[in-house]
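Visitor: Have a look at this one.
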Amino acid sequence: MEDREGGPTSTTQLYCGNLPYMMNTNMLKRRFEKFGKLCDAFIAHKDGTSRGFGFVTFVNPLNAKRACAAMDGAVINLYDEKRKMKVMFARPRPEEKKKSVC
């Protein structure tokens, strides 16, 4: 699979952006579990504060595709913070230099 820029994307992991800052991982899971079994979900944090995006990973690629189509553009109204969610297939992270354990 390729993203809009032509680069490779995951077939099971979705990037979920423009999330309300009060949303937690369990809330994100509940919104996506209705499309199929998840093997992972998390919201990115920095210094204990949400960064407004997260990822969900499905077991089945077809469920991920259905969820992406249905949830991209969905409006989330959470604690008076209304946001239009951006959902797309995740791109792999660039390879990072391995850090020494010691």
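Visitor: Mind checking which pairs have a first residue in the range 12-28 that is hydrophobic (A, V, I, L, M, F, W, C) and a second that is part of a loop (DSSP other than H, G, I, E, B), Cβ under 8 Å, 6 or more apart or different chains?
Guide: Between residues of the range 12-28 that are hydrophobic (A, V, I, L, M, F, W, C) and residues that are part of a loop (DSSP other than H, G, I, E, B), the close pairs are LEU14/ALA90; CYS16/MET85; LEU19/MET85; MET22/TYR79; LEU28/LEU19.
Visitor: If I go through the range 13-45 residue by residue, how many of them are loosely packed, with under 15 Cβ neighbours inside 10 Å and either on the phi > 0 side of the Ramachandran plot or in contact with a Leu (Cβ under 6 Å, 6 or more places away or on another chain) (or both)?
Guide: Number of matching residues: 2.
Visitor: Under 7 Å by Cβ, and 6 or more places apart or on different chains, what pairs join a residue from the range 51-64 that is in contact (Cβ under 8 Å) with a residue 40 or more places away in the chain and small (Gly, Ala, Ser) with one that is surrounded by 15 or more Cβ atoms within 10 Å (Cβ to Cβ) and in a strand (DSSP E or B)?
Guide: Note: pairs meeting the criteria are ALA64/LEU14; ALA64/PHE58.
Visitor: Still on this model: How many residues does the range 34-72 hold that are outside any helix (DSSP H, G or I), under 25 Å from TYR21 (Cβ atoms) and either under 14 Å from the mean Cα position of the chain (by Cα) or not acidic (Asp, Glu) (or both)?
Guide: Result for the range 34-72: 22.
Visitor: Just to be sure, is GLY73 exposed (fewer than 12 other Cβ atoms within 10 Å of the Cβ) and modelled with pLDDT under 95?
Guide: Against the criterion (exposed (fewer than 12 other Cβ atoms within 10 Å of the Cβ) and modelled with pLDDT under 95), GLY73 does not qualify.
Visitor: To continue, here is another question. LEU78 passes all but one of (1) hydrophobic (A, V, I, L, M, F, W, C); (2) modelled with pLDDT of 95 or more; (3) under 24 Å from PRO20 (Cα atoms); which number fails?
Guide: Every listed condition holds for LEU78 apart from (2).
The values are calculated or read from the model by the stated rules, or taken from the named source; none is laboratory data. No experiment lies behind these values; they were computed from the predicted model shown. Glycine also receives a Cβ, built like all others from the backbone with ideal geometry; neighbour counts cover every protein chain displayed.
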